[in-house]
1. Right, D231: touching a residue at least 24 places away in the same chain (Cβ under 8 Å) and assigned by TED's automatic domain parsing to the domain that holds E300 or not?
2. Please specify each residue of the range 241-266 satisfying the condition of being modelled with pLDDT of 95 or more and either among the hydroxyl-bearing types (S, T, Y) or surrounded by 20 or more Cβ atoms within 10 Å (Cβ to Cβ) (or both).
3. For the range 210-222, which positions are crowded, with 18+ Cβ neighbours inside 10 Å and within 15 Å of L260 (Cβ to Cβ)?
4. Just to be sure I understand, how many residues within the range 295-311 are surrounded by fewer than 22 Cβ atoms within 10 Å (Cβ to Cβ) and under 17 Å from P215 (Cα atoms)?
5. Can you find even one residue in the range 43-58 that is within 22 Å of A343 (Cα to Cα) and more than 21 Å from the chain's Cα centre (by Cα)?
6. Starting from residues that are acidic (D, E) and part of a loop (DSSP other than H, G, I, E, B), keep the ones in the range 196-253 and report whichever is nearest to the chain's Cα centre (by Cα).
7. Identify the single condition in (1) touching a strand residue (DSSP E or B) at 6+ places or on another chain (Cβ under 9 Å); (2) touching a residue at least 40 places away in the same chain (Cβ under 8 Å); (3) hydroxyl-bearing (S, T, Y) that T325 does not satisfy, given that it satisfies every other one.
Amino acid sequence: MPGNASALQSDLYIGLISGTSMDGLDMALVSVGPARFEVLGTRVVALDTDLRVSMLELCQSGQDELHRLAQADTRFAEFCGNAVLDAISGWGVDTRAVNAIGSHGQTVRHAPSAQPAYSVQLGNPSVLAERTGITTVADFRARDIAAGGEGAPLVPAFHASVFRDSATDRAVVNIGGMANVTLLPADFNAPVTGFDTGPGNVLMDLWCQAERGSPYDEDGAFARSGNLSHDLLPTLATEPFFRRQPPKSTGRELFNREWLRARAPAISELPPEDVANTLTELTATTIIEAILSSDLEDPEILVCGGGHRNAFLMERLAQLASPSTVASTTAKGIDADFVEACAFAWLAWRALSHEPGNLPAVTGATGPRILGGIYLA
């Protein structure tokens, strides 16, 4: 908890994100400046079940979409506003001491390859600014897409700011519903690159929900109890996205229940625990192959996002990456559960500082851009 908020008030930002898994809203209170980044408080709030269901349904085509989207947009913003006010009270901070909220919002459609390209996030920033009385920066993906980029991933610039090390090559892996990597060469003259590798937790979670009635495979125990299918894994790996060259990004538009159902003949012949094991291996192999195919030399691999809590997945990553080491970002000073929330606080600071937040080498945009619309308190 911050004990000297008044001394830091001009530097306080709050970051918000609800990721692809939609299991909760992650929040981080940070103090940030040109040569400083400090996490002062974190909190996660579970999403209301009906709100989560309504947002998940918007990830696929359906009836009356415009009405349902508009309703969910405001409802999610109201939820975020209440969560922020509760968190600020718990952190002992005056709302007037917070420069801005950086709100990623909830992605329900991400189509950077569409003509024209687009990405849709819920969480009406006007409502969020109105309810909290705090300037809100949001809609971070739109400007990068307008400049010809994928609009994702957006966290590599933050990863480079806080995790890059001139003594060793590093790769930062965020494993949420989807997985993405940031490649950080020790040579600061070399470019930072990054991209989505494919499914993170999403397929594992969907399978666990269908077969076990659980929202996720705790510690990877279900997957650990099964055996790897050497027939199924190559079948899953034929997905064209895995062979696409960066820049690239993806979401539930591709990796979803329908993606699994399309492979039902191969899956239905196996014990459910073997499918769970093989889906875990798919996530692990696509991540590590992306890193090992880069120019990094035996990089130190840092993992963040919900996937770091899956012990079996972390073991598979470590085994596949050897001799590179695998650890969570917590060991480097930022809780692995809140790296993305911290990133959007940082991006809000960049926007208000009139500094670019994207990396064109990552997203494919035609140049650096200031990201996010600013909604004044």
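1. yes
2. Those that are modelled with pLDDT of 95 or more and either among the hydroxyl-bearing types (S, T, Y) or surrounded by 20 or more Cβ atoms within 10 Å (Cβ to Cβ) (or both): P247, K248, S249, T250, F255.
3. Once the filter is applied, which keeps residues that are crowded, with 18+ Cβ neighbours inside 10 Å and within 15 Å of L260 (Cβ to Cβ), the range 210-222 yields only D217.
4. The number of residues fulfilling the criteria is 2.
5. Looking through the range 43-58, none of the residues is within 22 Å of A343 (Cα to Cα) and more than 21 Å from the chain's Cα centre (by Cα).
6. E253
7. T325 satisfies all of (1) touching a strand residue (DSSP E or B) at 6+ places or on another chain (Cβ under 9 Å); (2) touching a residue at least 40 places away in the same chain (Cβ under 8 Å); (3) hydroxyl-bearing (S, T, Y) except (2).
Each row is one residue, and each column tells you yes or no for (1) farther than 24 Å from S126 by Cβ; (2) basic (K, R); (3) in contact with a helix residue (DSSP H, G or I) (Cβ under 9 Å, 6 or more places away or on another chain).
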site: A28; (1), (2), (3): no, no, yes
site: T42; (1), (2), (3): yes, no, yes
site: D73; (1), (2), (3): no, no, yes
site: R96; (1), (2), (3): no, yes, yes
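The values are calculated or read from the model by the stated rules, or taken from the named source; none is laboratory data. In this text, all values refer to a predicted model and were calculated from it rather than measured experimentally. A quick note on method: Cβ atoms are made from the backbone with ideal geometry, for glycine too, and the neighbour counts reach across all protein chains shown.
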